[in-house]
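J.: First the structure, which I've put down as structure tokens, then a few questions once you've had a look.
The values are calculated or read from the model by the stated rules, or taken from the named source; none is laboratory data. If you're wondering where the values come from, they're calculated on a predicted model, not measured in any experiment. Cβ coordinates were reconstructed from backbone atoms using ideal geometry, including for glycine residues, and neighbour counts include every protein chain displayed. Heavy atoms of the whole protein, side chains included, go into the accessibility calculation; ligands, DNA and RNA do not. Shrake-Rupley method; radii C 1.70, N 1.55, O 1.52, S 1.80 Å.
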Amino acid sequence: MSASKALIFEISKPGRVAYSLPESDVPEAELADLLPKEMLRETPAELPEVSELDLIRHYTELSRRNHGIDNGFYPLGSCTMKYNPKINEDVARYPGFAKIHPYQPEETVQGALQLMYELQQDLAEITGMDRVTLQPAAGAQGEWTGLMMIKAYHESRGDTRRTKVIVPDSAHGTNPASATVAGFEAVTVQSNEQGLVDVAALKEVVGQDTAALMLTNPNTLGLFEKDIKEIADIVHQAGGLLYYDGANANAILGKSRPGDMGFDVVHLNLHKTFTTPHGGGGPGSGPVGVKDVLVPFLPTPLVEKGEEGYYFSYDFPHTIGRVKAFHGNFGMLVRAYTYIRTMGPDGLREVSENAVLNANYLMKKLEPYFEVPYPQVCKHEFVLSGNKQKKLGVRTLDMAKRLLDFNIHPPTIYFPLIVDECMMIEPTETESKETLDHFIDVMIRIAKEAEESPETIQEAPHHTVVQRLDEVTAARKPVVRWQKG
Amino acid sequence: MKFRYLPMTEEDRQEMLSVLGIEDVDALFSDIPENIRFQGRLQIPEPMAEPQLVRHMNRLAGKNLSFDQAVSFLGAGAYEHYIPSVVHHVISRSEFYTAYTPYQPEISQGELQAIFEFQTMICELTGMEVANSSMYDGPTALSEAAGVAAAASGKKKILISQAVHPEARAILATQAKGLGLKVVEIPHAEGVTDLGQLSAQSDEETAAVIVQSPNFFGNLEDLAAIEPIAHKHKGKMVVSTNPLALGILKPPGEYGADIVVGDAQPMGISTQFGGPHCGFFAVTKKLMRKVPGRIVGQTVDEKGNRGFVLTLQAREQHIRREKATSNICSNQALNALAAAVYMTALGKQGIQEVAKLNVNKAHYAQQRLIRIPGVEPLFAKPFFNEFALRLPRPAAEVKKALLERNIIGGYDLGRDYPELKGAVLLAVTEVRTKEEIEELAGVLEGLA
């Protein structure tokens, strides 16, 4: 494959088309007779002009310049890049799911409503919560939704002093960002030497101004916050609530439930734990579950079951309102529902058991070659530090780029921020032992190269269509669209 | 039971356990305190084998009335349009749909280039200089636009027309509580924003004026008259629009809009009961560094070859954390890809042709329907592919009569506008035929 690929605009030729529209079957009128002339476009938008085969070749070529889970191992920590089942894709495209309108009369969408209702129930059971809204479009939107409910809860009690949301220093960036957008001040609490929330430090920051604590459990180091009950008590006694960031829920299905840990609100990423595809960045879906205390504040509508069938209920007088148009990312809900029906209760438990076993196996096998900052049992993911290799002049970024030469997507790097030269590795349960062993071999080879021929790593990648790209210039002199030259 | 997504054999398990020096996988969960370890079995339905599951899902889907079975005149923010076959073929390539966000550009050039092309096409349609890689949907993009306007202007007052989609206004109301924005709704008059009221409310405190065109009623707003009101006190002009309509309409950028948002759903994305759709967000160069979400930029590699990367990331939450311009993380990349394929398929000619067909058919339908006694146009403004009618009978009764003929009627405007009780909003796109319009007319005539 050549390094550069022509843009679709560069292969455009006037007169070619890739569409087929019917002739008008109603009397045609001049546009200017139907609409004011001054509201009409004077120059057409410069969209490409290509034939259908040109189009297909262009996008096929682009797809070949892209790495997905179907192409190879993708141990991207905190992103749960597991297999995206094909049947889910088929089902989501059934006309009965894909070709229905959000405002159709309820009696004409009973199947869709039943699916949503059952999914609400299933996710509530899986998380140990009382009610679930399927409306949020993604994890970050789920976080914001949860925080807005927490805000409404405190305000409903006349408690307006609670302006702070506590987040651990290992938290995802969305946590503090969501806190800000919800009108709170984010306060950081440090992790202790074991990589867990420092309970003593937490006690110091918790107070009458605490609205909530946001926590990922297992956390972004892949460690279970074993003091969670005590943490929950501390926050609750101070009058705050607990938010569960469900990004790492793949570790605990059927093994432990946020609701039982003491959390009041939880979001799930259906595009992580429940196999809906990441799509190159989205769409995702971020349902939110709550305990009874927060039910009155849920965004509306919710799906309920009545004598005459399923219906949308708007009867939540204290609702925070709407967070997303229509009924959430329904197409993603269909996929997640299909997955849950594929796996059942034992299957989901086995998912987490295998994910955790895979992660611990990898960690154990890589321990002789890389620094393991937290050598205790991990959950579905773990972190390595590239400190050993850094001393040899090889950075974690270099090792990540070297992995590309082996058709392996690198782990998440330089996150969480509290680990130097961090690599966060999440194998997931859908990878075979052979794949894990291959990854181990490649990582060991890279560790040896760091000692013997560091330039091989520093100059990587060697086999990708382009070499390392100049991101600094891209940001300094942004070119964010094509211009007719 | 063996699960087809779980490759671990008993032999694998034993080997791995022995490497770890443990006997049972439960040892790996011993860090979860006993009192919060889940002891039971999740109370969810038992698993289904694939053939059984296919039947089950087909039955569920079969309980919904799809566009393949009924004739729909619903719009109100989600539209049935022609989707070229190529769209689904391209987005079904799993190199695209099973990939994560392109943070490793060397193995993500396909996605990055496709989004760069998407950004360019959105700029072309909207007449703006910069577009991001997409947002959750049009209505949330509108809320984010209010946030950007407030951050850029240092002001908190947002004026939004009541002719903007009611759900978009509802989301903005929720968002405003978090951001501390003061939202003032401007009434509509004769189907468009009341410019007198807008002008009266616009003052030194105004961060943004937000309108939608074509608006919720399908009518075109007088953007030329709105621009000076928005800018008089250095507020931002935010326009929400339908990108398909921009095939023929003068783009908001040419009127001087600062931020243009909307939903790309009409361009190659199935309605899917309301989502996922695909918000877009376009701005002037001046606002480029305030834009929420991901942006793809062009650059070169070490050998000087053209390539693409995610850029201007210093705005985003994973770098800026609590100081980020937005908390948005994911986008709707796959749907942006669908929209890009659609815009490529339709191209320079097709996008005009399809927009014209919409105008033509919608106007024909409106003229046809208002000949029926008791059916009256609610407004007399220029419109794109939607229009509001007052009906001879209550909306619920009409809905029922239409459903009996397998017609899904319009949107009951009384839901959101008490003053418009008894009126419906009908969408007529290029997929509706003259015959179907006649059938709708026939039922309404029967009720008159």
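J.: Tell me, which residue of the range B:330-375 that is part of a loop (DSSP other than H, G, I, E, B) and in the same structural domain as B:Phe116 (by TED's automatic domain parsing) is nearest to the chain's Cα centre (by Cα)?
T.: B:Gln332
J.: Considering A:Ser2, A:Ser63, A:Ser78, A:Ser24, which residue is more than 7 Å from chain B (Cβ to nearest Cβ) and more than 30 Å from A:Val356 (Cα to Cα)?
T.: On the way: A:Ser63 fails: more than 7 Å from chain B (Cβ to nearest Cβ); A:Ser78 fails: more than 30 Å from A:Val356 (Cα to Cα); A:Ser24 fails: more than 7 Å from chain B (Cβ to nearest Cβ).
Just one listed residue meets the conditions, A:Ser2.
J.: Any residue in the range A:135-157 that is in contact (Cβ under 8 Å) with a residue 12 or more places away in the chain, open to solvent by 10 Å² or more (accessible area, probe 1.4 Å), over 20 Å from A:Ala336 (Cβ atoms) and assigned to a loop (DSSP other than H, G, I, E, B)?
T.: no
J.: Here is a follow-up. Conditions: (1) touching a Lys or Arg at 6+ places or on another chain (Cβ under 7 Å); (2) more than 7 Å from chain A (Cβ to nearest Cβ). B:Asn331 meets all but one. Number of the miss?
T.: Here B:Asn331 clears every test but (2).
J.: Do we find a residue being under 19 Å from A:Met214 (Cα atoms), open to solvent by 10 Å² or more (accessible area, probe 1.4 Å) and either among the β-branched types (Val, Ile, Thr) or not in a strand (DSSP E or B) (or both) anywhere in the range A:331-338?
T.: As a first pass, look at the range A:331-338 and keep what is under 19 Å from A:Met214 (Cα atoms): none.
Within the range A:331-338, not a single residue is under 19 Å from A:Met214 (Cα atoms), open to solvent by 10 Å² or more (accessible area, probe 1.4 Å) and either among the β-branched types (Val, Ile, Thr) or not in a strand (DSSP E or B) (or both).
J.: Can you tell me which residue in the range A:122-134 is surrounded by the fewest Cβ atoms within 10 Å (Cβ to Cβ), limited to those that are more than 8 Å from chain B (Cβ to nearest Cβ) and in a helix (DSSP H, G or I)?
T.: Filtering first and then ranking leaves A:Ala124.
J.: Just need a number here: residues in the range A:6-20 that are at the interface with chain B (Cβ under 7 Å from one of its Cβ atoms) and open to solvent by 30 Å² or more (accessible area, probe 1.4 Å).
T.: Here the count works out to 2.
J.: All but one of (1) under 22 Å from A:Ala251 (Cα atoms); (2) more than 7 Å from every other protein chain (Cβ to nearest Cβ); (3) of a type in the set (S, T, N, Q) hold for A:Thr43; state the number of the condition that does not hold.
T.: Every condition holds for A:Thr43 apart from (1).
J.: Continuing with this model, one more query. Given the conditions (1) surrounded by fewer than 21 Cβ atoms within 10 Å (Cβ to Cβ); (2) outside any loop (DSSP other than H, G, I, E, B); (3) touching a residue at least 12 places away in the same chain (Cβ under 8 Å); (4) not small (Gly, Ala, Ser), and given that A:Glu204 satisfies all but one, which numbered condition is not satisfied?
T.: That leaves (3) as the condition not met.
J.: Name the residues in the range A:361-415 that are surrounded by fewer than 24 Cβ atoms within 10 Å (Cβ to Cβ), in contact with a Pro (Cβ under 6 Å, 6 or more places away or on another chain), among the hydrophobic types (A, V, I, L, M, F, W, C) and not in a helix (DSSP H, G or I), would you?
T.: Selection gives A:Leu392 alone.
J.: Is it the case that some residue within the range A:308-321 is surrounded by fewer than 23 Cβ atoms within 10 Å (Cβ to Cβ) and either under 30 Å from A:Ser352 (Cα atoms) or among the β-branched types (Val, Ile, Thr) (or both)?
T.: Applying the first criterion (surrounded by fewer than 23 Cβ atoms within 10 Å (Cβ to Cβ)) to the range A:308-321 yields A:308-319, A:321.
Those left that are additionally either under 30 Å from A:Ser352 (Cα atoms) or among the β-branched types (Val, Ile, Thr) (or both): A:319.
Checked against the condition, which is being surrounded by fewer than 23 Cβ atoms within 10 Å (Cβ to Cβ) and either under 30 Å from A:Ser352 (Cα atoms) or among the β-branched types (Val, Ile, Thr) (or both), the range A:308-321 yields at least one hit.
J.: Do we find a residue being crowded, with 20+ Cβ neighbours inside 10 Å, more than 8 Å from chain A (Cβ to nearest Cβ) and within 26 Å of the chain's Cα centre (by Cα) anywhere in the range B:53-71?
T.: Yes: the range B:53-71 contains one or more residues that are crowded, with 20+ Cβ neighbours inside 10 Å, more than 8 Å from chain A (Cβ to nearest Cβ) and within 26 Å of the chain's Cα centre (by Cα).
J.: A:Ala474 passes all but one of (1) without any contact (Cβ under 8 Å) to a residue 12 or more places away in the chain; (2) in a loop (DSSP other than H, G, I, E, B); (3) within 30 Å of the chain's Cα centre (by Cα); which number fails?
T.: Unmet condition: (2).
J.: Considering A:Val466, A:Val479, which residue is of a type outside the set (Gly, Ala, Ser), modelled with pLDDT of 95 or more and open to solvent by 10 Å² or more (accessible area, probe 1.4 Å)? Spell out how you get there, then give the answer.
T.: Working: A:Val466 fails: open to solvent by 10 Å² or more (accessible area, probe 1.4 Å).
Being of a type outside the set (Gly, Ala, Ser), modelled with pLDDT of 95 or more and open to solvent by 10 Å² or more (accessible area, probe 1.4 Å) holds for just one of A:Val466, A:Val479, which is A:Val479.
J.: Still on this structure, please answer the following. Scan the range B:304-317 for residues that are outside any strand (DSSP E or B), modelled with pLDDT of 95 or more and at the interface with chain A (Cβ under 7 Å from one of its Cβ atoms) and jot them down.
T.: Taking the range B:304-317 first, the residues outside any strand (DSSP E or B) are B:304-305, B:312-317.
From what is left, the residues that are modelled with pLDDT of 95 or more are B:304-305.
Residue satisfying the conditions is B:Asn305 alone.
J.: Within the bounds of the range A:416-427, is there any residue that is out of contact with any helix residue (DSSP H, G or I) (no Cβ under 6 Å at 6 or more places or on another chain) and surrounded by fewer than 17 Cβ atoms within 10 Å (Cβ to Cβ)?
T.: yes
J.: To continue, here is another question. Quickly run through the range B:272-295 and pick out the residues that are surrounded by 24 or more Cβ atoms within 10 Å (Cβ to Cβ) and either of a type in the set (Phe, Trp, Tyr) or touching a Pro at 6+ places or on another chain (Cβ under 7 Å) (or both).
T.: If the condition is that a residue be surrounded by 24 or more Cβ atoms within 10 Å (Cβ to Cβ) and either of a type in the set (Phe, Trp, Tyr) or touching a Pro at 6+ places or on another chain (Cβ under 7 Å) (or both), then B:Phe273, B:Gly274, B:Pro276, B:Phe280, B:Phe281 are the ones that fit.
J.: If we keep just the residues of the range A:226-240 that are in contact with a helix residue (DSSP H, G or I) (Cβ under 7 Å, 6 or more places away or on another chain) and open to solvent by less than 10 Å² (accessible area, probe 1.4 Å), which is nearest to A:Asp264 (Cα to Cα)? Walk me through it before giving the result.
T.: Of all residues in the range A:226-240, those in contact with a helix residue (DSSP H, G or I) (Cβ under 7 Å, 6 or more places away or on another chain) come to A:227-232, A:234.
Going one step further and asking which of them are open to solvent by less than 10 Å² (accessible area, probe 1.4 Å), we end up with A:228, A:231-232.
On the way: A:Ile228: 13, A:Ile231: 13, A:Ala232: 10 Å.
Per the criteria, the residue is A:Ala232.
J.: So, one more: Test A:Leu40 against the stated conditions and say whether it is in contact with a strand residue (DSSP E or B) (Cβ under 7 Å, 6 or more places away or on another chain) and open to solvent by less than 30 Å² (accessible area, probe 1.4 Å). Before the answer, list the steps.
T.: Working: in contact with a strand residue (DSSP E or B) (Cβ under 7 Å, 6 or more places away or on another chain): yes; open to solvent by less than 30 Å² (accessible area, probe 1.4 Å): yes.
For A:Leu40, the condition - in contact with a strand residue (DSSP E or B) (Cβ under 7 Å, 6 or more places away or on another chain) and open to solvent by less than 30 Å² (accessible area, probe 1.4 Å) - is met.
J.: Now for a separate question. How many residues, within the range A:174-195, are open to solvent by 10 Å² or more (accessible area, probe 1.4 Å) and assigned to a loop (DSSP other than H, G, I, E, B)?
T.: Looking only at that region, the number is 6.
Residue-wise test of (1) modelled with pLDDT under 95; (2) more than 25 Å from the chain's Cα centre (by Cα); (3) not hydrophobic (A, V, I, L, M, F, W, C).
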residue	(1), (2), (3)
A:Ser385	no, no, yes
A:Lys390	no, yes, yes
A:Gly393	no, yes, yes
A:Leu397	no, no, no
A:His409	no, no, yes
A:Cys422	no, no, no
A:Thr435	no, no, yes
A:Glu459	no, yes, yes
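This table checks each residue for (1) closer than 30 Å to B:Arg306 by Cα; (2) without any contact (Cβ under 8 Å) to a residue 60 or more places away in the chain.
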| position | (1), (2) |
| --- | --- |
| B:Pro105 | yes, no |
| B:Gln119 | yes, no |
| B:Ser133 | yes, no |
| B:Asp137 | no, no |
| B:Ala141 | no, no |
| B:Ile171 | no, yes |
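J.: Please indicate, with yes or no, whether at least one residue in the range B:19-27 is open to solvent by less than 30 Å² (accessible area, probe 1.4 Å), over 30 Å from A:Lys364 (Cβ atoms) and among the hydrophobic types (A, V, I, L, M, F, W, C). Before you say what the answer is, go through the steps one by one.
T.: The first filter runs over the range B:19-27 and keeps only residues open to solvent by less than 30 Å² (accessible area, probe 1.4 Å), leaving B:25.
Those left that are additionally over 30 Å from A:Lys364 (Cβ atoms): none.
Checked against the condition, which is being open to solvent by less than 30 Å² (accessible area, probe 1.4 Å), over 30 Å from A:Lys364 (Cβ atoms) and among the hydrophobic types (A, V, I, L, M, F, W, C), the range B:19-27 yields no hits at all.
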